[in-house]
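Participant: Below are the structure tokens for one structure; questions will follow.
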Amino acid sequence: MDIMALVRLAGGIMFTPLSDDVLMMSFAALRLREGMYPVVIWLTAWPVFFIAFTWFYLLARFFREIPLVKRWMKSRFLERAETIIERRGLWAIGLSFFLPGVRHPIHYVAGLLGYPLPRYLVMTFLAAGVYTGLWTFLIVRIGEAVTWSELWNWLQVNPGIVGSVLIIVIGIAVIGIVHHRRQKESVEESSSI
């Protein structure tokens, strides 16, 4: 593995809208295909995730020091948010690795609201290790159960099953949307009467 693979992983985490889960899965799958041991994959991905998420925190801490942002940070709402993150921030930071959609914002908020750096670093280090370890383990187990070439061959032989599943999922989504709109219209009609 070259160092550029790690740089691409870190850049993907920090600068692309791709899910970190997708980035970790592809990183682990490609390294497995190269013949790398799972423990080495985990130990190389762990510091990359730690550094990338520390980047989010430090970037927000930098913006906190800008005078215009400092003035904006004096509102009562943000002072209240600081007390909440003081109490529950450690768990929010740790759990954020496993909650897509809030993974990056929680780290920005921790930096912006001035969460203590030593506690942030410890929790981010531990959570990044667990996160990358779980994904590495899952990708290794998936690769042992079904190889990617077997899966691709199966999809080519059975396109009808894949198409049927897609039609069912789309049908359920359409039925749900129509049902929701009808419910909303009936609520509006009853409230207008």
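The values are calculated or read from the model by the stated rules, or taken from the named source; none is laboratory data. Predicted model, so just to flag it, every value in this text is computed and none were measured. We place every Cβ from the backbone using ideal geometry, glycine too, and count neighbours over all the protein chains shown. Accessible surface is based on the protein model in full, side chains and every heavy atom, while ligands, DNA and RNA are left aside. Shrake-Rupley method; radii C 1.70, N 1.55, O 1.52, S 1.80 Å.
Participant: Across region 12-32, what is the total count of residues that are over 14 Å from the mean Cα position of the chain (by Cα) and either within 14 Å of Phe125 (Cβ to Cβ) or in contact (Cβ under 8 Å) with a residue 24 or more places away in the chain (or both)?
Facilitator: 5
Participant: Is there a residue in region 98-117 that is under 18 Å from Leu59 (Cα atoms), touching a residue at least 12 places away in the same chain (Cβ under 8 Å), among the β-branched types (Val, Ile, Thr) and in a helix (DSSP H, G or I)?
Facilitator: Checking region 98-117: at least one residue is under 18 Å from Leu59 (Cα atoms), touching a residue at least 12 places away in the same chain (Cβ under 8 Å), among the β-branched types (Val, Ile, Thr) and in a helix (DSSP H, G or I).
Participant: Could you tell me how many of the residues in region 12-37 are open to solvent by less than 20 Å² (accessible area, probe 1.4 Å) and closer than 16 Å to Thr54 by Cα?
Facilitator: 3
Participant: Sticking with this structure for a sec: Yes or no: region 97-120 includes at least one residue that is closer than 28 Å to Met36 by Cβ, surrounded by 13 or more Cβ atoms within 10 Å (Cβ to Cβ) and in contact with a Leu (Cβ under 8 Å, 6 or more places away or on another chain).
Facilitator: No, region 97-120 contains no residue that is closer than 28 Å to Met36 by Cβ, surrounded by 13 or more Cβ atoms within 10 Å (Cβ to Cβ) and in contact with a Leu (Cβ under 8 Å, 6 or more places away or on another chain).
Participant: Starting from residues that are touching a residue at least 24 places away in the same chain (Cβ under 8 Å) and of a type in the set (A, V, I, L, M), keep the ones in region 124-137 and report whichever is farthest from Phe98 (Cα to Cα). Show your work before the answer.
Facilitator: Of region 124-137, the ones touching a residue at least 24 places away in the same chain (Cβ under 8 Å) are 124-133, 135-137.
With the extra rule that they be of a type in the set (A, V, I, L, M), the set shrinks to 126-128, 130.
Values: Leu126: 13, Ala127: 9, Ala128: 10, Val130: 10 Å.
Top of the filtered list is Leu126.
Participant: Does at least one position in region 58-72 carry a residue that is modelled with pLDDT under 80, assigned to a helix (DSSP H, G or I) and open to solvent by less than 40 Å² (accessible area, probe 1.4 Å)?
Facilitator: Among the residues of region 58-72, at least one is modelled with pLDDT under 80, assigned to a helix (DSSP H, G or I) and open to solvent by less than 40 Å² (accessible area, probe 1.4 Å), which makes the answer yes.
Participant: With the checklist (1) open to solvent by 60 Å² or more (accessible area, probe 1.4 Å); (2) on the phi > 0 side of the Ramachandran plot in hand, flag the one item Asp2 doesn't pass.
Facilitator: Evaluating Asp2 over (1) open to solvent by 60 Å² or more (accessible area, probe 1.4 Å); (2) on the phi > 0 side of the Ramachandran plot leaves (2) as the failure.
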